[in-house]
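Asks: There's a structure below that I have some questions on.
Laboratory data are not the source of any read-out in this text; all were calculated from the coordinates shown. This one's a predicted model, so the numbers in the text were calculated from it and none came from an experiment. Ideal geometry is used to build each Cβ from the backbone, glycine not excepted, and the neighbour counts take in all protein chains shown.
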Amino acid sequence: MKALWHGTGITRKRKIELCDSLIGTKVVYGLETINMLPREEYRLDVAQMRIYRRALGLAPPYIAAQKGLEYMKNDDILKIPTRGAVRWSERVRSARARLLEDCRNAAPEEPIHTVVFQITLRPRKWPGRKLPGASNKRGTWLQTAIANENALQ
């Protein structure tokens, strides 16, 4: 990718669009079924900005200020594409809400519906032991998806 970014005359707008289509889509697809804590969502956005800065050849803000290099805020980087780039954490939240809607709209006999909901569309309670990594703070995927759906409305 280094050869693509340097010396090819690609505009900044196009570089961010390429990052979103080549990297962002994989990130969103891989994370829509995982519960993320707010600090993990923040870390995802930090990684996104780091990838954008690397693609654009920009130094992090604190280094740019110290060395007198081009300084650009993260929000300004997101505004480079004409329709604006979206933070990956927001894209993951909306993808999770869409997946929940697909679960609701599935026929009652389909596996995606029976795993998540009872016949009456009430969330299914799963008996058994707590899985490693699961905590009350993290909650279940269904709780997270419902919260994301409510936040988007």
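Asks: Determine the relative contact order of the stretch 2-87: mean sequence separation of Cα pairs under 8 Å and six or more apart, normalised by residue count, in whole percent.
Replies: Relative contact order comes out at 35 percent.
Asks: Further question on the same structure: To the nearest 10 degrees, how steeply does helix 38-56 sit against the main Cα axis of the chain, on a 0 to 90 scale?
Replies: Rounded to the nearest ten degrees, it is 30.
Asks: Another question, if that's okay. Given a cut-off of under 8 Å on Cα pairs at least six residues apart, what relative contact order in percent is computed for the chain?
Replies: 27
Asks: Could you list which residues have their amide H under 5 Å from that of residue 117, counting only those 5 or more apart in sequence or on another chain, with H placed in the peptide plane?
Replies: The list, which skips near neighbours in sequence, is 124.
Asks: I would also like to ask the following. Any chance you could tell me what percent of the C-alpha pair distances in the chain go past 18 Å?
Replies: Of the Cα pairs, 66 percent sit more than 18 Å apart.
Asks: Just to confirm my numbers, what's the Cα centroid distance between the stretch 16-39 and the stretch 60-101 in Å?
Replies: Taking the Cα centre of each part, the stretch 16-39 and the stretch 60-101 sit 12 Å apart.
Asks: Now, a different point. Karplus couplings for the stretch 138-153 from phi (6.51 cos²θ - 1.76 cosθ + 1.60, θ = phi - 60°), rounded to Hz, Gly and Pro as x?
Replies: 6, x, 9, 4, 5, 4, 5, 5, 5, 5, 4, 4, 5, 5, 7, 7
Asks: Too long at a 19 Å Cα-Cα cut-off: which of 15/67; 13/79; 15/73; 26/125?
Replies: Cα-Cα > 19 Å for 15/67; 26/125; rest within.
Asks: Using a simple spin-label model with points 7 Å from Cα along the Cα→Cβ vector, what separation in nm is obtained for residue 102 and residue 82?
Replies: 3.0
Asks: A further question on this structure: Pick from 105, 35, 74: which residue has the top mean-square fluctuation in a GNM of the chain where Cα pairs under 10 Å get a spring?
Replies: Looking only at 105, 35, 74, the largest GNM fluctuation is found for 105.
Asks: Work the Kirkwood hydrodynamic radius out for the stretch 2-87: mean of 1/r over every pair of different alpha-carbon atoms, inverted, in Å.
Replies: Computed over Cα pairs of the stretch 2-87, the Kirkwood hydrodynamic radius comes out at 14.0 Å.
Asks: For the chain, the longest stretch holding no trypsin sites (Lys or Arg not before Pro) located in a DSSP loop with at most 14 other Cβ atoms within 10 Å is which?
Replies: So the longest stretch without any such site is 1-72.
Asks: Could you give the longest part of the chain that holds none of the GluC sites (Glu not before Pro) found in DSSP loops with at most 11 neighbouring Cβ atoms within 10 Å?
Replies: Maximal segment without exposed cleavage sites: 1-69.
Asks: Per-residue ellipticity at 222 nm for the chain, helices alone: DSSP H runs ≥ 4 residues times -39500 (n - 2.57), over residue total, nearest 500 deg cm²/dmol?
Replies: Mean residue ellipticity at 222 nm (helix-derived): -16000 deg cm²/dmol.
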